[in-house]
Amino acid sequence: MIEIDTPDAPDPRQAPHQDFADRPDQPNPADAAPIDMASAVLPRPRTMEMVTRLVGRKPSKLTAFFINSGVALFTFLLGIAALDYINRLLISYPVLGWIAVTLFALFTLAALGMAWREYRAWARFAKIDAMQRKAGTALTEDSMDKAREVTDQLLALYHRRPELEWNRKRLTDRRAETFDARTLLTMAETELLAPLDQEARREIEAASRTVAAATALIPLALADVAAALAANLRMIRRMAEIYGGRAGAVGGWRLARTVITHLIATGAVAAGDDLVQTVAGGGVLAKVSRRFGEGIVNGALTARVGIAAMEVCRPLPFLSQPRPKVGNLLTRGLKGLFGNDDKT
């Protein structure tokens, strides 16, 4: 038997080894982008950006002077015209003239009453703001005296709230058991503010649901902005009412500007840890519907505004109670959109 030397044949059971470093002309699989990390364009919350600019933008001094002087001039001319008309009416038709005088006097009293209500509402909110600062000082200095003052102010603030009657009695009975400022303020937060926090969360969920639905379903360009602006202003007014403040027509707008300023100052307008999953979800939904994905992100930013409103209107900082998260609020709000909201 004659044996012929032949080169070794490659084993078919073993895959051939390819050195891509030696073959630069061939594509390397390691350079391919991972499939799961494909870049997705996130929807831009144009509606809430417009609302934030409308509410939070402070006019320049020249613009404010122009508006104030214009309003003063219009009011002065209107008053002069009304008085001249009433004077001529008294000369021509005395009975009708006196009726006009009576109506003008009633209108003046109503205007003064509304101005007084706006002043009291803003003074009440300023009182809550002072209470926040005093509570922060009490925690920093561990001052029991200041903590007792804040607790007394809280009891006086909510003494006309019948739904908190049992909580007030419980706090009054147990406050003598505490011996440091943080424990006393934590007890006051648990007894008085915890039920109000639940109500505030429901308002934020409702506003987020409204803004998300308005952005997704309203095709008009400015109609969704108007709906989102109205929902956010109503939510901020409700935050003030829930925590014991008042917000009239002018005071509500000033409060909204304060909330937006707080939102920008604390950096909460940027996407944080609790908003990453929400924005990511909006990017996935944007592949199916751009408007729906934008509505999700607008709802998330509305929840951001609601949390900032809670921090501004709340008499105490979050001590033992958990701070609301955007993802949880938006999830519950969207469940309510489909009739599956849990009210417990």
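Just a few scattered comments:
- For ARG234, the stated conditions hold: it is under 24 Å from PHE318 (Cβ atoms), modelled with pLDDT of 80 or more and in a helix (DSSP H, G or I).
- Applying a threshold of 6 Å to beta carbon distances and a minimum spacing of six or more residues, or different chains, the list of pairs starting in the stretch 118-134 at a residue that is buried (at least 18 other Cβ atoms within 10 Å of the Cβ) and ending at one that is assigned to a helix (DSSP H, G or I) and modelled with pLDDT under 85 reads GLU118/VAL250; GLU118/GLY251; ALA121/GLY251; TRP122/GLY251.
- Verdict on ARG53 being modelled with pLDDT under 85, outside any helix (DSSP H, G or I) and surrounded by 10 or more Cβ atoms within 10 Å (Cβ to Cβ): no
- Within the option set TRP98, TRP122, being farther than 26 Å from PRO315 by Cβ, in contact with a helix residue (DSSP H, G or I) (Cβ under 8 Å, 6 or more places away or on another chain) and among the aromatic types (Phe, Trp, Tyr) holds for one residue only, TRP98.
Residue-wise test of (1) basic (Lys, Arg); (2) surrounded by fewer than 15 Cβ atoms within 10 Å (Cβ to Cβ); (3) more than 17 Å from GLY136 (Cα to Cα).
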residue	(1), (2), (3)
ALA147	no, no, no
GLN153	no, no, no
GLU163	no, yes, yes
TRP166	no, yes, yes
LEU171	no, no, yes
THR178	no, no, yes
THR183	no, no, no
ALA188	no, no, no
LEU192	no, no, yes
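- Any chance THR278 is more than 28 Å from ARG133 (Cβ to Cβ), in contact with a helix residue (DSSP H, G or I) (Cβ under 9 Å, 6 or more places away or on another chain), hydroxyl-bearing (Ser, Thr, Tyr) and at pLDDT 80 or above: no
- Hey, ALA214 surrounded by 20 or more Cβ atoms within 10 Å (Cβ to Cβ) and in contact (Cβ under 8 Å) with a residue 60 or more places away in the chain or not: yes
The values are calculated or read from the model by the stated rules, or taken from the named source; none is laboratory data. Just so you know, these numbers come straight off a predicted model, no measurement behind them. Backbone-built Cβ (ideal geometry, glycine too); neighbour counts: all protein chains shown.
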